[in-house]
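In what follows, a structure is listed as structure tokens, so that the remarks can point back to it.
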Amino acid sequence: VEAYLPARQPDSKIFRLWEVAGTSHVNIPRSMTASGGAEGPNWMSYQPAYQAAIRHTHNWIVSGIEPPRMPRIAMTNAQAGRRTIERDVDGNAVGGIRLPDLAVPTARHRGAGQFGGGSDNRFAFLYGLSQDFEDEKLAKLYPNRSIFLEKYERELDRCVKEGIILE
């Protein structure tokens, strides 16, 4: 978001911008990521919102039904006048499209950043970063599996209702 901030424009009759908070540019299966509080590539996928956006765009072109307008990721001027992504207490972006994995967090997600102390790959920043919460934090947030699943399913239902995820 920070890199393309100057190109941001308001939604209009011919344009929609969907910013999916916490996702990177590359989809990595969660099984390939670090665990136990270690930092690894971002495993949170933008694909559910992407699929919905494609469907909405198709319907817009074919039927004239405009896609829903979505909130933007919140920005702050906290660092010497440079606008940066506003973050919550867990380090996740504030605002934007909040998929269930971010609305009911089990990790800190960043859309850009290199994991593993750097890389010779100049595109490594596209993988983003995820850091799973420690077990103690998860136990405080979700004392049992049922509580977690109830919250997650509620957010999933919200995303379907708002057109962020397809049914």
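Throughout, read-outs are computed from the coordinates displayed, never taken from laboratory work. Worth saying up front: this structure is predicted, and the values here are computed from it rather than measured. Ideal geometry is used to build each Cβ from the backbone, glycine not excepted, and the neighbour counts take in all protein chains shown.
Could you compute the net charge surrounding T23? Neighbours are other residues with a C-beta less than 12 Å from the C-beta of T23; K and R count +1, D and E count -1.
Values: positive: R98, R110; negative: E19, D101.
With Lys, Arg at +1 and Asp, Glu at -1, the net is 0.
Within a straight-line Cα-Cα reach of under 18 Å, K140 can be paired with the following aspartates and glutamates, leaving aside sequence neighbours fewer than 8 residues apart in one chain: D88, D90, D101, D132, E150. Name the residue farthest towards the positive end of the dipole of the range 5-161 from the options F15, T106, A74, assuming +1 on Cβ of Lys and Arg, -1 on Cβ of Asp and Glu, about the Cα centre. The one lying farthest along the dipole's positive direction is F15. Quick check on the chain: take the gyration tensor over C-alpha atoms, sort the square-rooted eigenvalues as a ≥ b ≥ c, and tell me if it's rounded (a/c under 1.5), prolate or oblate. Taking the square roots of the gyration eigenvalues as a ≥ b ≥ c, the chain is oblate.
Grab the beta carbon distance between A74 and E167, set R0 = 41 Å, and tell me the FRET efficiency rounded to 0.05. It would help to have the intermediate numbers written out before the result.
Working: r = 29 Å, r/R0 = 0.70.
The value I calculate is 0.90.
Its relative contact order, with pairs defined as Cα atoms under 8 Å and 6+ residues apart, puts the chain at 28 percent.
Rounded to the nearest 5, what % of DSSP beta bridges with both residues in the chain are antiparallel? Antiparallel: roughly 90 percent of the beta bridges in the chain.
Length available on full extension from T84 to E150: 0.36 nm per residue minus the Cα-Cα distance, which gives 20.5 nm.
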